[in-house]
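A.B. asks: Pasting in a structure now, in structure tokens, and then I'll have a few things to ask.
The values are calculated or read from the model by the stated rules, or taken from the named source; none is laboratory data. For clarity, every value in this text was computed on a predicted model and none was experimentally measured. Note that each Cβ is placed from the backbone with ideal geometry, even for glycine, and that neighbours are counted across all protein chains shown. Note: areas computed on protein heavy atoms with side chains; ligands, DNA, RNA excluded. Shrake-Rupley method; radii C 1.70, N 1.55, O 1.52, S 1.80 Å.
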Amino acid sequence: MAIYPAKRLRRLRYNPIVRDLIRETILHKSDLIYPLFVRHGNNIKNEIKSMPGVYQFSIDKLVDECKELVELGIPAIILFGIPEHKDEHGSEAYSPDGIIQQAVRAIKAEVKDLLVITDVCLCEYTSHGHCGVLDGENILNDETVSLLAKEAVTHAEAGADMIAPSDMMDGRVVSIRKALDYKGFQHIPIMSYAVKYASGFYGPFREAAESTPSFGDRRSHQMDIANTNEAIREAESDIEEGADIIMVKPAGAYLDVIHRVKEKFGMPTAAYQVSGEYSMIKAAGRLGWIDEHRVIEESLIAIKRAGADMILTYFAKEAAKMIDSRK
Ligand code: PBG
């Protein structure tokens, strides 16, 4: 192997065309999944205070937004719903006429060529804001799992293309798989939020989805931020239970986890660049403290470089435009 002065790593960095030739990681539009929030009503497009450029849409406006995404070349969305009424069991989550079920039907009727993924959880729908059915302050795992399976089936019946359980209950992937298969949805993939940490980075999402827990936190089911061996165990059990795509969330502060999970299992791997990651970049960009576009690109490349095949990101529209302007 050559050493200096024969070896000069700068040799391949002088010419931009050579830099392009040797680039190892390239972001494509086909990597992007755009999260969207939908609520009841008409003609609503409410900006989320802590997430400039991100909105809660009523279904009519959501459909317009989806058409714009297709124009931009964004291939997929993931939907989050804000119900009309919340109750102890989060019943709108699994109602055939819930907000997500209505939204999916409307999108499928009017928008072609857009993959519709639905988030499956109860926290947006429960009056207490927790991800499941409570007994006192304890979330009942198995009772919650059967409601999640019901929720997933109603999403598939409405026309969802992919189901993404984000609740972190034990055994939900196998239960959802069985419920979908029983109803004839063997072909619908499950993207499981397999490795989801109890993270402070979800703060702005909870404003967007109106899902802040009324007491306590989510540490009894989401993972301890300090652990990665446990991440492997989480991913492994979701794969055994039948997950088709596994997700790590958040993304930017957990690149080591994305890398380990991808190396270990070689599964299609998604990473969720979450609300707080978005808000921090937006805020610093607005203050003029960082070059926003540059940092958006860098954050997404880093996630892909770590091993993610696809990225759920609120920057999808900006990223698609940046990709278009790339020579
Ligand atoms: C739960 C869910 C959450 C997010 C996605 N699905 C919130 C939570 O676990 O509290 C967070 C996404 C983000 O912060 O952008 N349904």
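A.B. asks: Give me the dipole magnitude in Debye, nearest 20, for segment 25-325 about the Cα centre, with unit charges on the beta carbon: positive for Lys and Arg, negative for Asp and Glu.
C.D. replies: Value, rounded to 20: 580 debye.
A.B. asks: Report the dimensions of segment 1-107 along its three principal axes from the alpha-carbon atoms, largest first, rounded to Å.
C.D. replies: If we take the Cα atoms of segment 1-107, the spans are 71, 32, 27 Å.
A.B. asks: Based on alpha-carbon centroids, what's the gap between segment 61-93 and segment 122-145 in Å, whole number please?
C.D. replies: 22 Å
A.B. asks: Measuring with a 1.4 Å probe in the full set of protein chains, what accessible area per residue, in whole Å², belongs to the chain?
C.D. replies: Averaged over the residues of the chain, the accessible area is 46 Å².
A.B. asks: Let me ask something additional. Where both residues lie in the chain, what percent of DSSP beta bridges are antiparallel, nearest 5?
C.D. replies: Numbers: 6 of 40 bridges.
Approximately 15 percent, going by the DSSP bridge assignments.
A.B. asks: Taking 2.2 N^0.38 Å as the expected size of a compact globular protein, what ratio does the Cα radius of gyration of segment 174-327 give against it, to two decimals?
C.D. replies: It is 1.13.
A.B. asks: Using packing as a proxy for protection, rank 189-195, 251-257, 159-165 so that the peptide with the highest average count of other Cβ atoms within 10 Å comes first.
C.D. replies: Result, highest mean first: 189-195, 159-165, 251-257.
A.B. asks: Based on the mean of other Cβ atoms within 10 Å per residue, sort peptides 102-108, 116-122 so the most packed one is first.
C.D. replies: 116-122, 102-108
A.B. asks: If you don't mind, another one. Going down the table (Lys264/Lys321; Lys45/Lys183; Lys196/Lys282; Lys86/Lys304; Lys29/Lys282; Lys49/Lys150), which pairs top 31 Å between alpha carbons?
C.D. replies: Violating the 31 Å Cα-Cα cut-off are Lys264/Lys321; Lys45/Lys183; Lys86/Lys304; Lys49/Lys150.
A.B. asks: Using a basic spin-label model with each label point 7 Å from the Cα along Cα→Cβ, how many nm lie between Asn138 and Glu157?
C.D. replies: In this crude label model, Asn138 to Glu157 measures out at 3.2 nm.
A.B. asks: So, one more: Report, in deg cm²/dmol and to the nearest 500, the calculated mean residue ellipticity at 222 nm for the chain, where each DSSP H run with n ≥ 4 adds -39500 (n - 2.57) and the sum is divided by the residue count.
C.D. replies: Helix contribution divided over all residues of the chain: -12000 deg cm²/dmol.
A.B. asks: Would you give the gap between the C-alpha center of segment 170-215 and the C-alpha center of segment 4-24, rounded to a whole Å?
C.D. replies: 44 Å
A.B. asks: Another question, then. Which of Ile48, Gln222, Gln101 sits closest to the plus end of the dipole of the chain, meaning its Cα is farthest towards the positive end, when Lys and Arg get +1 and Asp and Glu get -1 on the C-beta?
C.D. replies: Ile48
A.B. asks: Test of the criteria: in segment 134-168, which GluC sites (Glu not before Pro) are in a DSSP loop and have at most 14 other Cβ atoms within 10 angstrom of their Cβ?
C.D. replies: Answer in residue order: Glu137.
A.B. asks: Pick from Ser95, Ser214, Ser279 the residue whose mean-square fluctuation is largest in a GNM of the chain, springs joining Cα atoms under 10 Å.
C.D. replies: Highest fluctuation of the listed residues: Ser214.
A.B. asks: When the Kirkwood radius is taken over all Cα pairs of the chain, what Stokes-Einstein diffusion coefficient follows at 4 °C and 1.567 mPa s, in µm²/s?
C.D. replies: This corresponds to a translational diffusion coefficient of 63 µm²/s.
A.B. asks: Of the residues Arg294, Arg13, Arg260, which exhibits the maximal mean-square fluctuation in a Gaussian network model of the chain defined by a 10 Å Cα contact cut-off?
C.D. replies: Top of the fluctuation ranking is Arg13.
A.B. asks: Further, regarding this structure: How far is helix 141-158 tilted off the main Cα axis of the chain, in degrees rounded to 10, range 0 to 90?
C.D. replies: The answer is roughly 80 degrees.
A.B. asks: May I pose another question? Over segment 85-168, what percent of the accessible surface lies on carbon and sulfur atoms, probe 1.4 Å? Write down the numbers at each step before the final one.
C.D. replies: Numbers: 1420 of 2920 Å².
That share works out to 49 percent.
A.B. asks: Please list, or write none, the aspartates and glutamates whose alpha carbon is within less than 13 Å of the alpha carbon of Lys317, excluding same-chain residues fewer than 8 places away.
C.D. replies: Counting by Cα, and skipping residues close in sequence, Lys317 has these aspartates and glutamates nearby: Asp31, Glu65, Glu68, Glu71, Glu297.
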